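Working notes, structure below.
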Amino acid sequence: MVNKLVEGRGRLFIMIFGISNTLSKFKWDDLTEDIAYKSAIREQKLALELSAAKRERDFYLSKVDQSCALNAIEERMKKLNDYIFHKQKVQEESGMNSELPVTQKKVIRQFRQ
């Protein structure tokens, strides 16, 4: 029967006829569930990717902060060493001891217990 209907008709008619036969079995609920499921999966993947990117960003920023802190410490140590070296050099030129003079006495404090 289908062959008799399709005989002598164009491709467009055949396509429309095929679609109309499948549309009678088509369920909109299946389509909406499938779309909702795929969008939920997509959202989960995006959230996972976003959290991984945030983790990488936080790790990188912590390493940058750590590097800045270490550079500041090294700079302070370099200035201190330069100061000590300069002071020792001045003392040696003036004929004094090469040791640094102690300017403060050690204070021992006693607290009642």
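The values are calculated or read from the model by the stated rules, or taken from the named source; none is laboratory data. These figures come from a predicted structure and were not determined experimentally. FYI the Cβ positions are ideal-geometry reconstructions off the backbone, even for glycines, and counts take in every protein chain you see. Heads up: the accessible areas ignore ligands, DNA and RNA and are worked out on the full protein's heavy atoms, side chains in. Shrake-Rupley method; radii C 1.70, N 1.55, O 1.52, S 1.80 Å.
Against the condition free of Cβ contacts under 8 Å to residues at least 12 places away in the same chain, within 23 Å of the chain's Cα centre (by Cα) and open to solvent by less than 100 Å² (accessible area, probe 1.4 Å), how does ALA52 come out, does it pass?
Yes.
To keep it simple, each residue is scored yes or no on (1) modelled with pLDDT of 95 or more; (2) among the polar types (S, T, N, Q); (3) not in a helix (DSSP H, G or I).
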site	(1), (2), (3)
LEU5	no, no, no
LYS25	no, no, yes
ILE35	no, no, no
GLU43	yes, no, no
ILE84	no, no, no
VAL102	no, no, yes
